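What follows is calculated from the coordinates using simple rules that are stated; it is not laboratory data. Since the structure is predicted, the reported quantities are computational estimates derived from the model, not experimental observations. Using ideal geometry, Cβ is built from the backbone for each residue, glycine included, and neighbour counts are taken over all protein chains shown.
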Amino acid sequence: MADLSEDEQRRLMTAPPRGTLVLMLLLAAAFLLAWLYLYFGVYWLRGLAS
Amino acid sequence: MHIDPSERKWIYVVLAMSAIFLAVIVYTAVVYNAAPPSNVETIDSAQLHLSEEFAEDRLGARAMPDGSVRVTMVAARYGFFPRNVTVPAETPVTFRWATLDVLHGVHAEGTNMATMIVPGFVSQLRTVFPKPGVYQVICNEFCGVGHDYMWSQLTVVPKAEWKG
């Protein structure tokens, strides 16, 4: 940060955290797929009980 | 109330995921009856040996006229009776349990067969075992010092090999 001009620093500080958002979306997609796998790939295949 | 735009996006993602989970659960519950077992039927736990259904010579698996199988079992400290039950795969199986003494739980490992057995009530569960195998049936409600040793065995055989 020390090598950046004030303009560049301000732009960086106000820009949306795209990398973080991408990581969050990847995490959400992984969580969703894992849940669907447990529901349909494990629970469902064992035979419904009621 | 101020919400940061990034946090707002994350809230939308969490709400969308929750909506998907809820939609899947509600849809399968309504369309396929995927719901926890529920049966309200009372019985005198102290008189099981005199009852028509839970007397010792009536326990076990038997074929029903509609092609399904009914399994009647008694749970008592510290075992499930009969100890070994054999049922066919790909066939509707209705389990009915009663307890002689205290609260027990029954769970066949690796299957969805699990419910509580409450004194004074008949527990009932209907399921289909999709593939043959041998499953350990354990008690999953602490019932006393011998709880760890309370188990039985459920054998699921191919439908053609089952003799009711």
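Observations
- Residue in the stretch A:4-14 that is more than 7 Å from chain B (Cβ to nearest Cβ) and not in a helix (DSSP H, G or I) present: yes
- Where strands (runs of 3 or more DSSP E) fall wholly inside the stretch B:70-116, the ranges with 1 or more residues that are in contact with a Phe, Trp or Tyr (Cβ under 8 Å, 6 or more places away or on another chain) and under 14 Å from B:VAL156 (Cα atoms) are B:84-88, B:92-99, B:104-108.
- For first residues located in the stretch B:150-164 and among the small types (Gly, Ala, Ser), partners that are surrounded by fewer than 15 Cβ atoms within 10 Å (Cβ to Cβ) and lie 6+ apart or on another chain with Cβ distances below 7 Å form the pairs B:SER152/B:ARG83; B:SER152/B:ASN84; B:GLY164/B:ARG62; B:GLY164/B:ALA63.
- Residue within the stretch B:75-83 that is touching a strand residue (DSSP E or B) at 6+ places or on another chain (Cβ under 6 Å) and surrounded by fewer than 14 Cβ atoms within 10 Å (Cβ to Cβ) present: yes
- Members of the stretch A:32-50 found to be assigned to a helix (DSSP H, G or I), facing chain B (nearest Cβ under 7 Å) and of a type outside the set (Ser, Thr, Tyr), listed by number: A:LEU32, A:TRP35, A:LEU45, A:ARG46
- The listed residue being in contact (Cβ under 8 Å) with a residue 40 or more places away in the chain, closer than 19 Å to B:GLU52 by Cβ and in contact with a Pro (Cβ under 7 Å, 6 or more places away or on another chain), out of B:THR115, B:THR99: B:THR99
- Subset of the stretch B:90-120 [closer than 13 Å to B:ARG70 by Cα, within 12 Å of chain A (Cβ to nearest Cβ) and of a type outside the set (Val, Ile, Thr)]: B:PRO92, B:PHE95
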